[in-house]
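Peer 1: Next up is a structure, given as structure tokens.
The values are calculated or read from the model by the stated rules, or taken from the named source; none is laboratory data. Just so it is clear, the model here is predicted, and its values are computed rather than measured. With ideal geometry, Cβ positions are generated from the backbone for all residues, glycine too; neighbour counts draw on all protein chains shown.
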Amino acid sequence: MATHTHRTVTTTRHEWEVPANPAGNSQIGDFCRAFDAAATQYRREHGIHADDPLSDDALQVTGQEDGAVVISYEARTALAASR
């Protein structure tokens with residue numbers, strides 16, 4: 001007889017949006033501040049020291065149609081497990 005395990009997982013998506021200026025571009029200074037904020041929170045949440053590098057896939061950067069840029073990551077939390 002096969003056995004299985006059931007678990008409930010919650011995924012939280014953290015996003016920092018850098019809005020576009022009237023020309024439809026995001027400013028590099030705004031982007032850098034948002035990236036630093038995202039990296040700091042990611043490090044804190046995952047217990048990574050400030051001097052240690054992040055993996056290349058830790059943060060995602062996506063462009064929006066209006067020229068805004070979104071920096072994000074997802075965190076998963078297992079809430080419960082049962083058999």
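Peer 1: May I ask you to list pairs of residues, at least six apart or on different chains, whose Cβ atoms are under 7 Å apart, with the first in segment 54-81 being touching a residue at least 60 places away in the same chain (Cβ under 8 Å) and the second being of a type in the set (K, R)?
Peer 2: E74/R13; A78/R7; A80/R7; A81/R7
Peer 1: Of all the strands (runs of 3 or more DSSP E) wholly in the chain, which have at least 2 residues that are at pLDDT 95 or above and touching a helix residue (DSSP H, G or I) at 6+ places or on another chain (Cβ under 8 Å)?
Peer 2: Counting at least 2 such residues, we get 6-18, 69-82.
Peer 1: Where residues in segment 60-75 are more than 15 Å from T11 (Cα to Cα) and of a type outside the set (V, I, T), which of them is nearest to the chain's Cα centre (by Cα)?
Peer 2: Q60
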